[in-house]
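Inspection log for the structure reproduced underneath, given as structure tokens.
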Amino acid sequence: MSFLLTCPNCGVREVTDFGYGGEISARPTSRPTLRELGEYNYFRRNRAGVQREWWFHRSGCRAWFVAERDTRTNEVLMTALPADSNGGGAA
Amino acid sequence: MSRLENRPGELINRTKVIRFTFDGKPVEAYEGDTVGSALYADGRRTFSRSFKYHRRRGLLCCAGQCPNCLVAVDGAPGVRACTEPVREGMQVEHLNAQPGLDLDVMRATDIVGTKFTPPGFYYKTFIRPRKLWPVYEKVLRHAAGLGVLRKQQPEREWRTEYRRRHADVLVIGGGIAGVSAAKAAAAQGADVVLVDEGPAPIETLAGVEILARASALGYFDGIVPVWQGDTLHQVRARNHVFATGTIEQPLVFAGNDLPGVMLSGGALRLTELYAVSPGARAVVATTSDRGLDAAAKLADAGVQIVAVADLRESRTAAAEQLGARGIQVLVGHQILEAKGSKAVDGAVIGPIGVEGASVERTFDCDLVVVSGGFAPATSLLLQAGARADYVADRGHFALSELPPKVFAAGEVAGFDDPDSAARSGERAGLAAAGAPVEPADNGDGTRRERSPVAVPPPVAGAGHGKCFACLCEDVTAKDIRLSVEEGYDSIELSKRYTTVTMGPCQGRMCQLPAIRLMAKETGQSLEQVGMTTARPPWVSVPMGILAGRPFEPAKRSSIHRRHRELGANIKWAGDWRRAYDYGDPQGEALAVHQAAGLIDVSTLGKLLVRGPDAGEFLDRLYPNRFSDLKPGRIRYGVISSDAGRIVDDGTICRVDDDTFYVTTTSSGAGAVEEWFSWWLADWRMRVQLTDLTQGLSAVNLAGPRAREILGELTDLDCSAEAFKYLDGKQANVAGVPCLILRIGFVGEVGYEIHCASAHGEHLWDALMQAGRDNGIRPFGLEPQRILRLQKMHILVGQDTDSESTPFGAAMPWIVKLDKDQDFIGKWALEHYADEEPATRLVGFTLPNGHVPTEGAVIMDAGGAPVGQVTSSRFSPVLDRVIGMAWVPSPLARDGSQVTISDEGETMQAHIQTRPFYDPEGEVLRS
């Protein structure tokens, strides 16, 4: 895996600068069943296509941000701080 | 050194003699020579012994493509003599031959053993008796191979570097097309990198970085690693121009591996670049005009051309010109055999389609020049996602489709003549720089009509004798046939079985011959057979280059110098270099109980959480409450995941209404900061997070005399009434502003004192000075581990793992399920609260005095593992062995016994659930 990501604070950097936070999924807002909790904790949609995901600029400004990336081509369509990206959704 | 008279394009400097040794014997060369050209000029014809049969091999390509001239240079094997520049004093040695190149006893495998060494012979021949395989393997390993890595290398420092290079355009190949592409792209203002395996093709060019004597190793998701000397450039370009050229192909005929059989390009390079005559009398065998051009040029240089066999049926203009010079060109002829034992002394030529001694002619010669066509060097392009299809009239696989951002120019794209190559390069360079490119002059770009070529047969004539398809691995035409007979009837299977294309040439010399043989044996078309998958690395590369420079970053606290002066035993603890002990861990632990100890705890993670929502933020992150913590008070906290598992722990001090000071474990500092900031990014609360881990130093002053020592350095009232257990106060200590946390990790009255790192050493010195008359001793990580174990204070990651919950870890009191607040881990912990955990973390003592290994197994009555020991130490103050372990819940009560199995020994341990030292915490609170 190798591509460039644009950190909303720092600009374009190698992907190795960043930590991957995985696809954005909604944390349950009310008491989930054990099965729902297990799915939230351990199951991923693993989409082949454009997905919204969390990234962390580990070797840079250490900010979390949201990216839209095509998992088939690693083309990054958008990156933005959560406040500017109409909601991150729960991590 | 026998040399030709000055050649117009020669690279050698005849005024500067360079001396080196080959197998210990002195060799003279000129500056500009390669090891190969110098040795050839010195009369050497055998450069290596082959992989399996130990046959003599000589210079073939003179371009770093084939395996024939692999040598060791200064102890490093796998160096190609033909491209390695000579250096004064270099020591060159042969590789795979015993005792020497010119007398190799392993040659016996060729003479007597051929029929015993088909592909896979070692599996077939050496399987019985099975127990002897290790012996066979040893012998075979010794016999085969391409050199030896000396285990005892002379001391040498080899520093390799990574370099990241971002560019607009990367041009690979510095021939006519590549240089044109680089110029065109640079003229558009693009930032261009030009890579070539040879010397710099141009001096300088504005906007172009030239990486000369550098090899592109592969194409990885847009990154091209380029190896140059001691550096690996990781080039990431927006667009790529591949001008990688073509690779001249050998012909498959009997004896085609004899020294003296040389590709036309190799013979010309020796002649033109190094002024070394490749031979006196030459026979030329060709499938195109290239061989005829070579014959003309070699004749110009004084080589007598005794015959030229042109596979094509018609006589081209080039053939007519040779004829006019008195050189006989036999059209429709091919070479059937190269004769000779140590080197070529004759060549047999015959007409195609007719066999028999009556039509064959034998010529005396010491050089056979072959040109079996030119295969586009598509490997890197294929790795980048290009497609290549078989082109019947050219007899090779050519590019048919390019992925986006990838351009091909010059010969690799079929633009053979210099003008076409230059124009294709220019067009590719413009396109790669994002400039509009005018439509091509015709549908096929700007290429001229290409001169005709003949497609050689898979193997010449009847294929008697050894006709090598693959020189690297000694695979003959017969071996490919045998592999098909045995069922390996696809090129990928045959490749794995015979190892054809898997040697150092990476298919440059053998891929096309192997495909042709495969097609012949299976009755398929070449299209159907297809190419083997192109994989990196495209050139052999030393492992050290891929490893880069080894970095071992270390963190040291601001007080580290003092620990060294005190003779501390310093060890790694995560990224940190820490004082493990000062030579007497038991005595250091006792000093904390009896007087006072001082430990550097600067490695603790330190986070400032500040803002109107800070309390609520922490309530959401921890299973217990912090919003109700009073300013100036401290509370212990365990971070759990949403799966209810323990992630980290530490103390939190409320400094004022809006400010919390959070400490984390040393190893968890970075992860906790990430975890906090992640949730903060999601929740977007009015909270600011500042990581102070590096900015602050901290020491823990603990022991019965700690209060007295601290009192000497501060105006703060340190009395038990004024400064209670779990109070946090800001005050000057030794003139330094500090945050003082009264906590009890080690079980005695203790003050964790945090200050700016700049003052860390001063604070340490002041405390050691003030404590001198009170018996203060510095203590390290190891005594701290004894002390905290006495109190059963867990170490996250040591006593817990990714399955541990606060309930199992005997801390149900830390989980406040009655909080109104939703918090991370709440739902999972609600579930676990109702469920008896399978195992629980408890303390144990061992009457027999044995300290079990951490990780030792807890066994049930039947001997099955049911738990494990996580910590164990001898406690000097208690004078017995103590530890912590996960044991089955029914056994997790005071007074029960468990069996510990430790490296074959079993022992009975007594379970204890309360701290071993000061179970009521009276000492701590005093």
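Checked against (1) in contact with a helix residue (DSSP H, G or I) (Cβ under 7 Å, 6 or more places away or on another chain); (2) away from chain A (no Cβ under 14 Å), B:Ala275 meets all criteria but (1).
Residue-level check: of (1) within 30 Å of B:Leu878 (Cα to Cα); (2) aromatic (Phe, Trp, Tyr); (3) in contact (Cβ under 8 Å) with a residue 24 or more places away in the chain, B:Phe723 misses just (3).
Answer yes or no as to whether B:Arg281 is touching an Asp or Glu at 6+ places or on another chain (Cβ under 9 Å) and either of a type in the set (D, E, K, R) or under 30 Å from B:Ala182 (Cα atoms) (or both). Working first, answer last.
Numbers: touching an Asp or Glu at 6+ places or on another chain (Cβ under 9 Å): yes; either of a type in the set (D, E, K, R) or under 30 Å from B:Ala182 (Cα atoms) (or both): yes.
The answer is yes for B:Arg281.
Residues of region B:821-845 that are outside any loop (DSSP other than H, G, I, E, B) and aromatic (Phe, Trp, Tyr): B:Trp827, B:Tyr832, B:Phe844. Only residues that are within 22 Å of B:Gly650 (Cα to Cα) and either assigned by TED's automatic domain parsing to the domain that holds B:Leu741 or touching a residue at least 24 places away in the same chain (Cβ under 8 Å) (or both) were counted across region B:671-705, and they come to 24.
Could you pull out the residue among B:Phe47, B:Phe51 that is in contact with a Cys (Cβ under 7 Å, 6 or more places away or on another chain) and modelled with pLDDT under 90? Walk me through how you get there before you give the answer.
Numbers: B:Phe47 fails: modelled with pLDDT under 90.
Result of the check over B:Phe47, B:Phe51: B:Phe51.
Only a single item in (1) in contact with a strand residue (DSSP E or B) (Cβ under 7 Å, 6 or more places away or on another chain); (2) in a loop (DSSP other than H, G, I, E, B) is not met by A:Leu5, and it is number (2).
Which fully enclosed strands (runs of 3 or more DSSP E) of region B:723-820 have 2 or more residues being surrounded by fewer than 18 Cβ atoms within 10 Å (Cβ to Cβ)? Step through it out loud before you land on a result.
On the way: elements: B:728-733, B:736-742, B:750-756, B:776-778.
Where strands (runs of 3 or more DSSP E) fall fully within region B:723-820 and carry at least 2 residues being surrounded by fewer than 18 Cβ atoms within 10 Å (Cβ to Cβ), they are B:728-733.
Of all the criteria given as (1) part of a loop (DSSP other than H, G, I, E, B); (2) among the charged types (D, E, K, R); (3) in contact (Cβ under 8 Å) with a residue 40 or more places away in the chain, the one not satisfied by B:Glu209 is (1). Counting only strands (runs of 3 or more DSSP E) that sit completely within region A:12-91, those holding 1 or more residues that are at the interface with chain B (Cβ under 8 Å from one of its Cβ atoms) correspond to A:19-23, A:50-56, A:64-70.
Return the total of residues in region B:623-645 being among the polar types (S, T, N, Q) and within 14 Å of chain A (Cβ to nearest Cβ).
From region B:623-645, those among the polar types (S, T, N, Q) are B:624, B:627, B:640-641; that's our starting set.
Pick out the ones that are also within 14 Å of chain A (Cβ to nearest Cβ) and you get B:640-641.
Residues flagged as among the polar types (S, T, N, Q) and within 14 Å of chain A (Cβ to nearest Cβ) within region B:623-645 amount to 2.
Let's see how each residue does on (1) away from chain A (no Cβ under 14 Å); (2) within 17 Å of B:Glu588 (Cα to Cα); (3) small (Gly, Ala, Ser); (4) in contact (Cβ under 8 Å) with a residue 40 or more places away in the chain:
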site: B:Gly771; (1), (2), (3), (4): yes, yes, yes, yes
site: B:Gln784; (1), (2), (3), (4): yes, yes, no, yes
site: B:Arg788; (1), (2), (3), (4): yes, yes, no, yes
site: B:Val815; (1), (2), (3), (4): yes, no, no, yes
site: B:Asp834; (1), (2), (3), (4): no, no, no, no
site: B:Phe844; (1), (2), (3), (4): yes, no, no, yes
site: B:Pro847; (1), (2), (3), (4): yes, no, no, yes
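Among helices (runs of 4 or more DSSP H) entirely within region B:408-507, having at least 1 residues that are over 16 Å from B:Val529 (Cβ atoms) singles out B:418-432, B:477-485.
What are the residues in region B:680-704 that are farther than 16 Å from B:Leu739 by Cβ, small (Gly, Ala, Ser) and more than 9 Å from chain A (Cβ to nearest Cβ), if any? Across region B:680-704, the qualifying residues are B:Ala702, B:Gly703.
Among the residues of region B:869-900, the ones that are crowded, with 17+ Cβ neighbours inside 10 Å and more than 24 Å from B:Val746 (Cβ to Cβ) come to 6 in all. You will find that of B:Gly207, B:Gly229, B:Gly260, the residue that is on the phi > 0 side of the Ramachandran plot, out of contact with any Phe, Trp or Tyr (no Cβ under 9 Å at 6 or more places or on another chain) and assigned by TED's automatic domain parsing to the domain that holds B:Thr287 is B:Gly260 and no other.
For the residues B:Leu710, B:Leu726, B:Leu692, B:Leu701, the requirement of being out of contact with any Gly (no Cβ under 6 Å at 6 or more places or on another chain), among the aliphatic types (A, V, I, L, M) and within 30 Å of A:Trp64 (Cβ to Cβ) singles out B:Leu692. Residue-level check: of (1) outside the structural domain of B:Glu360 (by TED's automatic domain parsing); (2) on the phi < 0 side of the Ramachandran plot; (3) at pLDDT below 95, B:Thr316 misses just (1). Say whether the condition of being surrounded by 15 or more Cβ atoms within 10 Å (Cβ to Cβ), in contact (Cβ under 8 Å) with a residue 40 or more places away in the chain, closer than 26 Å to B:Pro403 by Cβ and of a type in the set (Phe, Trp, Tyr) is met by at least one residue in region A:62-84. Within region A:62-84, not a single residue is surrounded by 15 or more Cβ atoms within 10 Å (Cβ to Cβ), in contact (Cβ under 8 Å) with a residue 40 or more places away in the chain, closer than 26 Å to B:Pro403 by Cβ and of a type in the set (Phe, Trp, Tyr). Note on region B:646-679: residues that are touching a helix residue (DSSP H, G or I) at 6+ places or on another chain (Cβ under 7 Å) and within 11 Å of chain A (Cβ to nearest Cβ) amount to 2.
Failed condition for B:Pro623, given (1) farther than 28 Å from B:Asp918 by Cβ; (2) assigned by TED's automatic domain parsing to the domain that holds B:Arg684, with all others met? Single failed check for B:Pro623: (1).
Determine if region B:65-77 includes at least one residue that is of a type outside the set (Ser, Thr, Tyr), surrounded by fewer than 24 Cβ atoms within 10 Å (Cβ to Cβ), in contact with a Lys or Arg (Cβ under 8 Å, 6 or more places away or on another chain) and farther than 23 Å from B:Leu367 by Cα. Yes, there is a match, as at least one residue in region B:65-77 is of a type outside the set (Ser, Thr, Tyr), surrounded by fewer than 24 Cβ atoms within 10 Å (Cβ to Cβ), in contact with a Lys or Arg (Cβ under 8 Å, 6 or more places away or on another chain) and farther than 23 Å from B:Leu367 by Cα. Of B:Val881, B:Val877, all but one fail to be of a type in the set (A, V, I, L, M, F, W, C) and within 30 Å of B:Ala720 (Cα to Cα); the exception is B:Val877.
The values are calculated or read from the model by the stated rules, or taken from the named source; none is laboratory data. Just so it is clear, the model here is predicted, and its values are computed rather than measured. Counting neighbours? That spans all protein chains shown, and the Cβs are built from the backbone with ideal geometry, glycine included.
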